[in-house]
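The values are calculated or read from the model by the stated rules, or taken from the named source; none is laboratory data. It should be emphasised that the depicted structure is a prediction, and the values quoted were computed from it without experimental measurement. Quick reminder, even Gly has a Cβ in these numbers, built from the backbone with ideal geometry, and neighbours come from all protein chains shown. The accessibility values were calculated without ligands, DNA or RNA, using every heavy atom of the protein model including side chains. Shrake-Rupley method; radii C 1.70, N 1.55, O 1.52, S 1.80 Å.
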Amino acid sequence: MTSASAPRLSAAQVLICGAAIVTLSMGVRHGFGLWLQPITQAQDWTRENFAFAMAIQNLAWGLFGIFAGMAADRFGAFRVLVGGAALYGLGLYGMATASSPTLFALTAGVLIGAAQAGTTYAVIYGVIGRQIPAEKRSWAMGVAAAAGSFGQFLMVPVEGWLIASFGWQQALMVLAAAVLLIMPLAAFLREPGFAAAAAARREQTIAQALREAFGYRSFQLLMAGYFVCGFQVVFIGVHMPSYLKDQGLSPQVASYALAIIGLFNVVGTYVAGSLGQRMAKRHILAFIYLARSVAITLFLVAPLTPASVYVFSAAMGLLWLSTVPPTNAVVAQIFGVAHLSMLGGFVFFSHQIGSFMGVWLGGLLYDRTGSYDIVWYISIALGIFAALVNLPVRETAIGRGPARAGAAA
């Protein structure tokens, strides 16, 4: 952790550059569902082949996120962001040129998953935690999450247009070049306390921080809830375009639906971050998860029309990534910021296990049953479960004895 006397980056610099990086990284990945049918039809693969690669991507993102978080906490975010951007470009190129499901899983799955670990929330939130005062931290995290949502709103229609105009392979090549813009943006997030990649002084070792967190009940409950978040949003994000097309709706409806999710999530994540400054974050999280189950239920029982899709997308957009600011703010509030990227990475790994299950089960059960119904029902039940497990979370700073009782403030 940077020392209290170390100079800080300006809040505007952190938020503008961090938000731009998240916009690019999250904006690209939110549109991957648009490639499901073009790639499977062109390559004569099954939906399960595509879904498995996306599942591997989410799992790799979560797993590598732990190590990206450790590196960012120890040496600063800059080098992690640059390496992540390089992997992102390479992974998108490989996704365009893969000639077999195995190569596709290695590039679209492992490489892009590792790239996202180094260019998204865990790393950026570590910078925010270290550079933004505690009284503004939840709000600032909401701003960064809103940027990711704006990226979805901005990038998904662009990706749909690129596919329609240039074909799915050339569209991926364009995106491979675009994500390299993360590199110059990362230069503005060089943190003063990590000069020359020097290790920052900490009051806990990594092993001590992990023992403390995994032995703490509230951390376990946050991880359980985040599993559900991953299951729901990635299943919907990847499989809803194909679900709507199977029901006879045009591909444009799916593109607009994903864009609407992104647009409304700009509002949802910002509001969740702002409310987290004044309300119990566990109550915000419980409401979000329960509201998702209600929204999915109403979507399934209502007649399916473009209008009902857009209403559902708006509702889900308000709830989409709005779990991210309060979840990460609670982790910072309980344990402090010295190991925030790493602990956030572990919580996010749980999210990504859920993502793996949601996207993979979506493809597997569709291929087996010809329907997504079972996965929709699982999503509803999991939302109720997540609402319940977040209610007992304790948000107060963990006690570490007189010398360190205030470290988590």
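A few comments on the model shown:
Conditions tested, residue by residue: (1) open to solvent by less than 10 Å² (accessible area, probe 1.4 Å); (2) aromatic (Phe, Trp, Tyr); (3) under 15 Å from the mean Cα position of the chain (by Cα); (4) at pLDDT below 80.
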| position | (1), (2), (3), (4) |
| --- | --- |
| Val143 | no, no, yes, no |
| Gly148 | yes, no, yes, yes |
| Trp168 | no, yes, no, no |
| Leu180 | no, no, no, no |
| Leu185 | no, no, no, no |
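- When region 24-74 is limited to residues that are surrounded by fewer than 24 Cβ atoms within 10 Å (Cβ to Cβ) and among the hydroxyl-bearing types (Ser, Thr, Tyr), the one that is nearest to Thr120 (Cα to Cα) turns out to be Thr40.
- Only one of the listed residues (Leu15, Leu59, Leu81) is among the hydrophobic types (A, V, I, L, M, F, W, C) and touching a Leu at 6+ places or on another chain (Cβ under 9 Å). That residue is Leu81.
Let's see how each residue does on (1) among the hydroxyl-bearing types (Ser, Thr, Tyr); (2) more than 23 Å from Ala259 (Cα to Cα):
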site: Arg292; (1), (2): no, no
site: Leu298; (1), (2): no, no
site: Ser322; (1), (2): yes, no
site: Ala332; (1), (2): no, yes
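- Any chance Val80 is farther than 30 Å from Asp246 by Cβ, crowded, with 19+ Cβ neighbours inside 10 Å and of a type in the set (Val, Ile, Thr): yes
- Of the residues Leu221, Leu298, Leu290, the single one that is in contact (Cβ under 8 Å) with a residue 24 or more places away in the chain, open to solvent by 60 Å² or more (accessible area, probe 1.4 Å) and over 15 Å from the mean Cα position of the chain (by Cα) is Leu290.
- Across region 306-328, the number of residues qualifying as of a type in the set (Gly, Ala, Ser), more than 23 Å from Met279 (Cβ to Cβ) and open to solvent by less than 10 Å² (accessible area, probe 1.4 Å) comes to 1.
- The C-beta contact set for region 92-105 (first residue assigned to a helix (DSSP H, G or I), second residue of a type in the set (Phe, Trp, Tyr) and open to solvent by 40 Å² or more (accessible area, probe 1.4 Å), distance under 8 angstrom, 6+ apart or interchain) comprises Pro101/Phe52; Ala105/Phe52.
- Qualifying residue in region 235-254 (condition: within 23 Å of Val123 (Cβ to Cβ) and either outside any helix (DSSP H, G or I) or in contact with a Leu (Cβ under 6 Å, 6 or more places away or on another chain) (or both)): no
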